[in-house]
């Protein structure tokens with residue numbers, strides 16, 4: 001499972017240049033989605049008005065894709081960002097299962113949602129409910 005954690009773009013450039021970079025990502029996003037890409041993306045101001053913006057993608061993963069293929073997939077996007085004057089240093093990782101990926105790289109969330117599941121978990125019943133799953137199904141009926 002290919003994985004990257006990065007502060008993609010931060011800038012003191014004009015807002016227009018920042019939004020050009022964001023457009024570059026969303027323009028190529030359908031290709032990423034078709035390959036099963038998943039991640040958390042955030043845009044936030046770097047300080048008071050006029051300080052610029054930052055965009056993070058942490059983590060960004062594609063289950064079933066080798067790390068070399070992931071790097072090749074994102075290379076055109078990184079080239080566009082560099083051409084626009086952005087600097088970034090992605091960190092690349094590779095794991096062979098969802099649990100290790102989640103434990104090591106997903107951000108800690110400040111809220112809890114007891115019904116939140118993971119669409120990539122192949123055995124959700126065991127992962128979320130353990131030996132209680134069958135009994136819970138019986139109670140629900």
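Every number here is computed from the coordinates shown, using simple stated rules; none is lab data. Predicted, not measured: the structure shown is a model, and the values here were computed from it. Don't worry about glycine lacking a Cβ; one is built from the backbone with ideal geometry, like all the others, and counts go over all protein chains shown.
Results, tabulated for the structure shown:
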item: By average C-beta atoms within 10 angstrom, highest first, the peptides 74-83, 129-138; result: 74-83, 129-138
item: Theoretical FRET efficiency, 1/(1+(r/R0)^6), r = Cβ-Cβ of residue 29 and residue 123, R0 41 Å, to 0.05; result: 0.90
item: Net length gained if the chain between residue 138 and residue 82 were fully extended (0.36 nm per residue, minus Cα distance); result: 14.6 nm
item: Most to least packed among 39-51, 59-71 [average Cβ atoms within 10 Å]; result: 59-71, 39-51
item: Span from the segment 33-57 Cα centroid across to the segment 65-80 one, whole angstrom; result: 18 Å
